[in-house]
Amino acid sequence: MPRTRGEANRALYRARILLEAWDRLRVEARHAESVLIGAFVPAVRLHLRDAYGWFLLSVSGVDDSLAADLPGSTRDLPAPPAGKALIPELAEFSQLENTGWLAQLLAGEPEAGYDGPVAAGRGASQGLLVSDREPLGYAVVLAWADALTAIMSRMDDSLAEY
């Protein structure tokens with residue numbers, strides 16, 4: 001397994017650990033949900049973004065030693081060589097970055113100063129895993145982690161066929 005894919009897995013694993021801790025604290029109900037959201041959303045989002053960045057490097061074939069920083073999106077990757085099309089996996093990610101669950105994950109930090117439900121999908125269209133009435137919280141962040149895990153697994157399978 002290339003280092004980039006291993007690092008993506010490691011970041012996903014760290015996000016899952018945080019999600020487990022968040023879930024336990026939710027069950028204990030010792031803290032207000034807004035406090036848990038403020039504590040966990042930024043940390044889980046950071047690990048999921050790292051996983052995505054490492055996976056982008058893996059899918060694009062960019063040597064991680066050449067990458068100064070992890071890409072935050074497909075726009076941060078080098079353009080394909082002249083005469084070559086963007087590979088389908090990166091085209092799919094590019095579309096999801098503009099609309100859907102990935103756009104929400106990569107968006108700004110609405111949880112800062114969280115004091116109530118935040119619409120999860122403002123301006124979102126089809127492909128979003130939660131409704132636009134779903135408040136930013138555990139269910140939304142878990143859906144991000146599940147979706148990223150699933151798409152990485154699916155793309156690994158398709159890339160292995162090449």
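Scoring VAL62 on the criteria (1) assigned to a helix (DSSP H, G or I); (2) over 19 Å from ALA107 (Cβ atoms); (3) not charged (D, E, K, R) leaves a single failure, condition (1). Consider the stretch 38-49 and keep the residues that are buried (at least 17 other Cβ atoms within 10 Å of the Cβ) and touching a residue at least 40 places away in the same chain (Cβ under 8 Å). The one that is farthest from ALA150 (Cα to Cα) is PHE40.
Considered as a group, the residues in the stretch 17-61 that are under 18 Å from ALA139 (Cβ atoms) and of a type in the set (Asp, Glu) include one that is farthest from the chain's Cα centre (by Cα), and that residue is GLU28. Within the set VAL130, VAL118, the sole residue that is in contact with a strand residue (DSSP E or B) (Cβ under 9 Å, 6 or more places away or on another chain) and either modelled with pLDDT under 55 or of a type in the set (A, V, I, L, M, F, W, C) (or both) turns out to be VAL118.
Can you tell me which residue is surrounded by the most Cβ atoms within 10 Å (Cβ to Cβ) among those in the stretch 59-99 that are of a type in the set (Gly, Ala, Ser) and at pLDDT 90 or above? So the residue we want is SER73.
The selection criterion, being of a type in the set (Val, Ile, Thr), in a helix (DSSP H, G or I) and in contact with a helix residue (DSSP H, G or I) (Cβ under 9 Å, 6 or more places away or on another chain), holds for VAL41.
Filter the stretch 19-37 for residues that are assigned to a helix (DSSP H, G or I) and either open to solvent by less than 40 Å² (accessible area, probe 1.4 Å) or out of contact with any Phe, Trp or Tyr (no Cβ under 7 Å at 6 or more places or on another chain) (or both) and give the result. Residues satisfying the conditions are LEU19, GLU20, ALA21, TRP22, ARG24, LEU25, VAL27, GLU28, GLU33, VAL35, LEU36, ILE37.
The values are calculated or read from the model by the stated rules, or taken from the named source; none is laboratory data. These numbers come from a predicted model, not from an experiment. Don't worry about glycine lacking a Cβ; one is built from the backbone with ideal geometry, like all the others, and counts go over all protein chains shown. Protein only, heavy atoms only, side chains kept; ligands, DNA and RNA dropped before computing areas. Shrake-Rupley method; radii C 1.70, N 1.55, O 1.52, S 1.80 Å.
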